[in-house]
2 protein chains.
Amino acid sequence: MSEVYAGRRTRLRECCNAGGSAAALVSRPANVRYLAGAAPEGAVLLLGRTEDLLVCVGPPDDRSPQSRPDEALRVHIVPALGSGGGSGSDAAVAAAGLAVTQGADSLALEEHHLTVTRHHAIRDTAPRLRLTGIGCAVEQLRVVKDEEEISCLRIGAEIADQALGELLESILVGRTERHLALELERRLVDHGADGPAFPTSVATGPHAGRPGHRPTDRRVEEGDFLSVCLGATYRGYRCEIGRTFVIGTAPADWQIELYDLVFSAQRAGRESLVPGAACRDVDRAARQVLDSAGYAEALPELTGHGVGLEIDEDPQLTPAAMGKLDACVPVTVEPGVHLPGRGGVRIDDTLVVRPEADGGPELLTITTKELLAL
Amino acid sequence: MSEVYAGRRTRLRECCNAGGSAAALVSRPANVRYLAGAAPEGAVLLLGRTEDLLVCVGPPDDRSPQSRPDEALRVHIVPALGSGGGSGSDAAVAAAGLAVTQGADSLALEEHHLTVTRHHAIRDTAPRLRLTGIGCAVEQLRVVKDEEEISCLRIGAEIADQALGELLESILVGRTERHLALELERRLVDHGADGPAFPTSVATGPHAGRPGHRPTDRRVEEGDFLSVCLGATYRGYRCEIGRTFVIGTAPADWQIELYDLVFSAQRAGRESLVPGAACRDVDRAARQVLDSAGYAEALPELTGHGVGLEIDEDPQLTPAAMGKLDACVPVTVEPGVHLPGRGGVRIDDTLVVRPEADGGPELLTITTKELLAL
């Protein structure tokens, strides 16, 4: 793996050098992990003039064998100060000092992550260093995944499918949303996940179909829509699956109609995932199915988003999104409709964009999308 | 409750006015919640010249009845932009614009929370506004709790005691740290917690006594030390309890000795919690018991910390801590010793500093601290 991390750092260095900076300081945890193999709490990565350093507050955590720093990277340890009160660590300040020691005259920072206070502290520590921004350079490198990363997402998706499949075999009526969510999270861990990729959402009856619904004490009742959204983190990589079911012997007509509609929208989104497609066109493909059925008001802002070391990454599939999809970009496709007071439907898959020649989009979350009556 | 929030905002306004700023922008979520009753995702609070406003990205979440914005506070909604990629919301920028509309010429910001990028965006939106910092003014207001806040912590502590008590009645040998941690978290929610206050730590055998140990797949064995640290969040307030047990019929001599030592240290810390005590003296009271037994090397950096809307607040109980304890400040007292390869002991309580006349420190986490053999 060490060459992988080194390769990523080389690409970032090229970005920085092109921007006129000899050194860069990466502080956003997912970015540190991407470039260094691990992101111990408070650690930053210095891409230095003469050497790259992982700057840690206290010794790096040895308790997570899945997440060890790249062995080719020297670790520099800053003593922890029990400073508290949100002032946090000083790894970033120490890293700026190390950049100076290495002879750098400028340092590119992640200004979208670094606080103003820390920026001032860096400026005070190294007043001669010209501080610039690297924008979202690392986030942009992270968009297209390598096969190792995709394989982590694939395993995470399998785990989520298993957890969901087991839940469907159990008795649901009478149980609360909170209990079902906790049980799903336990099953994710049972099957080998590091943990849930995000707080599991279980929504029953009038809550069903609401994006990001937080589980309540409402119990599952006969005739309810039940929508579930969960994901596993596996070796740091996060996937997402969402399904909607009906509780009872047979769905009502309005439920079948609404389900079929959202299913068609989701399929239209999935089918438009080809390399080179504009992100907004994928969004439109799904959205116009719901729009033309008169649900324009009920639609969420986005139809999907990238996933990886974070659950919500670029690209964003929205009406205003810029940019196009590349091959090997994993995204969710998750349209839904929520009718206040009645509930709704949400169907969510994680897929990897693949060229037509390779069989088109690769579906990672394979739980059936038939409307099941449970 | 509305007067409570209004009173807190008045106190903050006085701080700001004393610092020469007519308006302030609070962005750190726990601070927003403290002053506004709720902190919808991405929301900020503008303490304006003419009116206070809760500035939200999209409508505030109506799904959490425990956390509704103060009704006396007007909510200003900024449309959400599916921008993604870490650029986040623009509530802070919108709030700065509103401050200008209200005639403010300066705005105090939480520079320890605000990113450099957002600071630039505020400057660009409102170039005539003088931007200053309010430091950790809200964090300082939060240190001393009112009885309503303490009552939330008390209920949270009861919940954690219940969850831990039930675990002790179950069979432990052969179960993994991860399973035990998940079960504890499920029990917290069963008993009415919003959720765990922090990731539950279960450490067996050689892991026992390690602060912040993340549960692994190691199984509980006869003869192990087992240390557990958990907490409940109740109406946003977070408490903490940690206990160490021995698995089997009888503890070994070294286990009894180590336990007694840590127990004495923890008691010394607890007994020194009086209004007016220097934070470093509380730390020293606990630390010197372990120090003088020859465990200086094995000690963590801190003996305890404040708790409240966040699990790690001021004051910090460390050798270098400044400041004194006030009445009605809840803190943890959590010394421990970890011997590499052998395990160790950690005992952790949440207490509220109270004057002698009121009976001294109020212990919130009442699970026994006898050495139990399970």
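The values are calculated or read from the model by the stated rules, or taken from the named source; none is laboratory data. Quantities reported herein were computed from a predicted structural model and do not represent experimental measurements. Quick reminder, even Gly has a Cβ in these numbers, built from the backbone with ideal geometry, and neighbours come from all protein chains shown.
Miscellaneous remarks
- B:Ala321 vs. criteria buried (at least 19 other Cβ atoms within 10 Å of the Cβ) and part of a loop (DSSP other than H, G, I, E, B): yes
- You will find that of A:Asp190, A:Asp124, A:Asp161, A:Asp194, the residue that is in the same structural domain as A:Ala95 (by TED's automatic domain parsing) and acidic (Asp, Glu) is A:Asp124 and no other.
- Against the test of being in contact with a strand residue (DSSP E or B) (Cβ under 8 Å, 6 or more places away or on another chain), more than 14 Å from every other protein chain (Cβ to nearest Cβ), in contact (Cβ under 8 Å) with a residue 24 or more places away in the chain and part of a strand (DSSP E or B), the options B:Thr332, B:Thr350 yield a single qualifying residue, B:Thr350.
- Complete set of residues in the stretch A:50-65 that are crowded, with 16+ Cβ neighbours inside 10 Å and at pLDDT 90 or above: A:Asp52, A:Leu53, A:Leu54, A:Val55, A:Cys56
- Residue match in the stretch A:216-234 (condition: within 11 Å of chain B (Cβ to nearest Cβ) and small (Gly, Ala, Ser)): no
- Search result, residues across the stretch B:287-310 that are surrounded by 18 or more Cβ atoms within 10 Å (Cβ to Cβ) and either of a type in the set (D, E, K, R) or within 9 Å of the chain's Cα centre (by Cα) (or both): B:Arg287, B:His305, B:Gly306, B:Val307, B:Gly308, B:Leu309, B:Glu310
- Flag for B:Ile155 being among the hydrophobic types (A, V, I, L, M, F, W, C) and either assigned by TED's automatic domain parsing to the domain that holds B:Ala327 or at positive phi (or both): yes
- Residues being outside any loop (DSSP other than H, G, I, E, B), modelled with pLDDT under 95 and of a type in the set (D, E, K, R) - total across the stretch B:188-241: 1
- Residues that are surrounded by fewer than 16 Cβ atoms within 10 Å (Cβ to Cβ) and more than 25 Å from B:Arg154 (Cα to Cα) do occur in the stretch B:258-265.
- A:Gly344 being touching a strand residue (DSSP E or B) at 6+ places or on another chain (Cβ under 7 Å) and either part of a helix (DSSP H, G or I) or more than 14 Å from chain B (Cβ to nearest Cβ) (or both): yes
- Flag for B:Leu273 being assigned by TED's automatic domain parsing to the domain that holds B:Arg243 and under 30 Å from B:Gly37 (Cα atoms): yes
- Qualifying residue in the stretch A:266-278 (condition: under 24 Å from the mean Cα position of the chain (by Cα), away from every other protein chain (no Cβ under 14 Å), among the polar types (S, T, N, Q) and in a helix (DSSP H, G or I)): yes
- Residue that is nearest to the other protein chains (Cβ to nearest Cβ) [pool: residues in the stretch A:110-140 that are in contact with a Ser or Thr (Cβ under 9 Å, 6 or more places away or on another chain) and among the basic types (Lys, Arg)]: A:Arg118
Here is a yes/no grid of residues against (1) touching a Phe, Trp or Tyr at 6+ places or on another chain (Cβ under 7 Å); (2) buried (at least 18 other Cβ atoms within 10 Å of the Cβ):
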{"residue": "B:Val93", "(1), (2)": "no, yes"}
{"residue": "B:Ala104", "(1), (2)": "no, yes"}
{"residue": "B:His113", "(1), (2)": "no, yes"}
{"residue": "B:Arg128", "(1), (2)": "no, no"}
{"residue": "B:Glu139", "(1), (2)": "no, yes"}
{"residue": "B:Cys152", "(1), (2)": "yes, yes"}
{"residue": "B:Gly156", "(1), (2)": "yes, yes"}
{"residue": "B:Ile159", "(1), (2)": "yes, yes"}
